[in-house]
1. Please give the residues of segment 85-125, grouped as numeric ranges, whose backbone N is less than 16 Å from a label point set 7 Å along the Cα-to-Cβ vector of D145.
2. Pick out which of D105, D41, D93 has the largest mean-square fluctuation in a Gaussian network model of the chain, springs linking Cα atoms closer than 10 Å.
3. Fewest Cβ neighbours within 10 Å first, please rank I149, I128 accordingly.
4. Based only on other Cβ atoms within 10 Å, what is the fewest-to-most ordering of V84, V101?
5. Which of the GluC sites (Glu not before Pro) found in segment 51-110 are in a DSSP loop and have at most 16 neighbouring Cβ atoms, other than their own, within 10 Å?
6. Going by C-beta contacts inside 10 Å, put S129, S53, S91, S146 in order with the fewest on the left.
7. Which lysines, on any chain, are close to K12 with Cα under 30 Å apart, when same-chain ones fewer than 8 places away are left out?
Amino acid sequence: MNRVDTGQYDEKLNLITPAGYERLVAELRQLADVERPRLVDEVHQAALQGDRSENAEYIYGKKRLREIDKRMGFLKRRLDAAKVIDPVRQSGDRVLFGALVELEDEDGTVKTWQIVGEDEADPGKKKISWKSPVGRAVMRRQAGDSVTILTPGGPRDMVILSVNYPG
């Protein structure tokens, strides 16, 4: 993307960073090239042992194959719908996808979050989805803006202290 993103995103889009996209591709490759072929061979070997109706290895293997196929289908759909946005190419003082946002809550607690895609959100690593309550509240806002975030515990007021982009 050669232009600065406007921050106007369709809710149906699967926004993702380049690193997040690569993680999904790597998982799909691992499943398709390593795990599924190995499991197909295990199921084949179990089938050669005779009666399949009471063969736990065969039954479990078939179940696991269905799970892998389901996950591969999910990953393919997510990758097909992905719109990769590189936070390094973002700039400005508004919160856009990929921004590092420093927030202060009513209690004076300061937290920094990176706004990322649904498939790469990890609160433990300070990454939240752009569709999360916090992500929705801060998108297109700028430093100094106050936002109200609807949480399970009720509304919380926060102030955006800073907006930065990686790189």
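Bear in mind these aren't lab numbers, they're just calculated from the coordinates by the rules spelled out. Keep in mind it's a predicted model, so treat the numbers as computed, not measured. All Cβ positions, even for glycine, are placed from backbone atoms using ideal geometry, and neighbour counts span all protein chains on display.
1. 91-104, 113-116
2. Per the Cα network of the chain with a 10 Å cutoff, D41 tops the list.
3. Fewest-to-most ranking of I149, I128: I149, I128.
4. If I rank by nearby Cβ atoms, fewest first, I get V84, V101.
5. Counting only loop positions with at most 16 other Cβ atoms within 10 Å, the GluC sites (Glu not before Pro) in segment 51-110 are E54, E106.
6. On the way: S129 19, S53 7, S91 14, S146 10.
The order, fewest Cβ neighbours first, is S53, S146, S91, S129.
7. K70, K76, K83, K111, K125, K126, K127, K131
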